[in-house]
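Chemist: My questions all concern the structure below.
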Amino acid sequence: ATSLTFYYQSRKKERLAANFEPRPIELRSDEILPGVTGLIGNTPLIRINSLSDALGVEILGKAEYLNPGGSVKDRVALRMIDDAEGQGLLRPHTGSRIFEGTVGSTGISIATIARARGYDVTIIMPDDVAEEKVKALLALGADVERVRPASIVDKKQFVNLARQRALAFGQSDGDGKPRLMSTPSSSVVVTTTYENKSEAGSATLEDSEDFLYKPRGFFADQFENRSNHDAHYDGTGPEIWRQTNGNLDAFVTGAGTGGTVAGIGRFVKAKKRDIIVAISDPEGSGLYNKVKYGVMYDSRESEGTKRRHQVDTVVEGIGINRMTNNISLAIPIIDDAFRVTDAEAVSMSRYLVKHDGLFLGSSSACNLVACIKLIKKMGWKDGQTVVTILCDSGMRHYSKVSRRVLGCLGQVMIEKMPFSFLVLER
Ligand code: PMP
């Protein structure tokens, strides 16, 4: 206690001597924002001090966990809903319902926005994801259906079930794919179609008021829906470009649906071709092999067993074993890939808490491990800049990370291995 008192007294003297004024916290935006969706995007880029100082390379993280729904997926959920409304596939306050298959983050983002827009939400998710996400979804008023992890070729796989549920609820097309409606949704059109109906008797079901205002189901389909890519191509990518003044040497991120790497990667590559776009790929994911050797390491059938039971035990949200629309857009622009083990990801997550006060989710930690592997491989140490995504906070993964830390990896190992896990790719 005495030495602490001494410490505080001397700090106080220092502050007085330096005429210390605490810096006021500045408002990030002085506009009045239009409700919760106004908080989405425009996230800050932060320097990861411990790693940047140690390596001599600027490692910058896009603080996506500051979005109101707590993850990078807010951007995607907003864009998918906006686009669906624009296409007349969803209409607010009609009792319509959004369905999605997700390991959690996208569901939470959809539920957040849906509440603000007047939609109900059904989320189908595997039953082995972190409890925190389920609690958040229920608190946001979503209906949650948890299913046994299964392969994508299984009808009961969570994404397939979400599609089926949307169709059963009354999604207007027969094949589960988002469809452009032929009539724009305005009251003028309703009146016109009614006139058509009575005069010519030629109106279809789609033209009737009954159809336009009927509650409908919408399968958001983040894996295949291009709005996912567009959210990043039009939003996150340009923001990063602005925030770095175009001074970036590499962009590194993981892929769950591929939307982030496709949108941001394609945007920055279009601006500057020699920016390296690299993937952080967790254990059990096939993307590393796809990038390195042109083939997925595993078939679609193995997804339910290999990926879900290995990757997602600790690292949630990234890793993929099949080609989706969004990841297909990214493949031509991905230059490199780095495998990241669960142990490396958890070690990094603990390391960042200890040295930077940053408690990040496992996919963010994976990304930072991959940043270091890339920097080491390239031999960079002269102030190059690498940008990555801090997808969500560690709070959302706490039960898993701590259980894993204590049960499988061991506290001692975590504390002692700040950089020893950096095995270079050969
Ligand atoms: N991190 C987390 C926590 C996620 O939930 C996701 C999305 N599944 C990602 C990263 C990967 O993003 P994307 O789907 O754009 O590849």
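Chemist: Enumerate the pairs (first residue in region 390-405 and under 23 Å from THR260 (Cβ atoms) and of a type in the set (S, T, N, Q); second residue anywhere and away from the ligand (no atom under 12 Å from the Cβ) and at pLDDT 80 or above) with beta-carbon separation below 7 Å, excluding pairs fewer than 6 apart on the same chain, so at least 6 apart or on different chains.
Modeler: So the pair list comes out as SER393/PHE359.
Chemist: Going through region 251-260 one residue at a time, which ones are more than 6 Å from the ligand (Cβ to nearest atom) and not β-branched (Val, Ile, Thr)?
Modeler: We begin by selecting, within region 251-260, every residue more than 6 Å from the ligand (Cβ to nearest atom); these are 251-253.
The answer is PHE251, and nothing else.
Chemist: Out of curiosity, is ALA166 within 16 Å of the ligand (Cβ to nearest atom), at pLDDT 90 or above and either of a type in the set (A, V, I, L, M, F, W, C) or touching a Phe, Trp or Tyr at 6+ places or on another chain (Cβ under 7 Å) (or both)? Outline the logic, then answer.
Modeler: Working: within 16 Å of the ligand (Cβ to nearest atom): no; at pLDDT 90 or above: yes; either of a type in the set (A, V, I, L, M, F, W, C) or touching a Phe, Trp or Tyr at 6+ places or on another chain (Cβ under 7 Å) (or both): yes.
So ALA166 does not fit the description; no.
Chemist: Still on this structure, please answer the following. For region 76-119, give me the residue count where each residue is within 16 Å of the ligand (Cβ to nearest atom) and touching a Leu at 6+ places or on another chain (Cβ under 7 Å).
Modeler: Number satisfying all stated conditions: 6.
Chemist: Only one of GLY263, GLY246, GLY237 is away from the ligand (no atom under 14 Å from the Cβ), at pLDDT 95 or above and either of a type outside the set (S, T, N, Q) or not in a loop (DSSP other than H, G, I, E, B) (or both). Can you tell me which?
Modeler: Working: GLY263 fails: away from the ligand (no atom under 14 Å from the Cβ); GLY237 fails: away from the ligand (no atom under 14 Å from the Cβ).
Of the residues listed, the single one that is away from the ligand (no atom under 14 Å from the Cβ), at pLDDT 95 or above and either of a type outside the set (S, T, N, Q) or not in a loop (DSSP other than H, G, I, E, B) (or both) is GLY246.
Chemist: Pairs please, first residue from region 324-338 and within 13 Å of GLY286 (Cβ to Cβ), second anywhere and within 12 Å of the ligand (Cβ to nearest atom) and in a helix (DSSP H, G or I), Cβ atoms under 8 Å, 6+ apart in sequence or on different chains.
Modeler: Partner pairs satisfying both residue conditions: ILE327/VAL261; ILE327/ALA262; ILE327/LEU287; ALA337/LEU287.
Chemist: Then there's this: Please note which strands (runs of 3 or more DSSP E) are completely contained in region 51-164 and include at least 2 residues that are closer than 30 Å to LYS376 by Cα and in contact (Cβ under 8 Å) with a residue 24 or more places away in the chain.
Modeler: Working: elements: 58-63, 97-101, 120-126, 143-147.
Passing ranges, in order: 58-63.
The values are calculated or read from the model by the stated rules, or taken from the named source; none is laboratory data. Everything numeric here is computed off the predicted structure, so don't read it as measured data. Cβ sites come from the backbone with ideal geometry, for glycine too, and all protein chains shown count toward neighbours.
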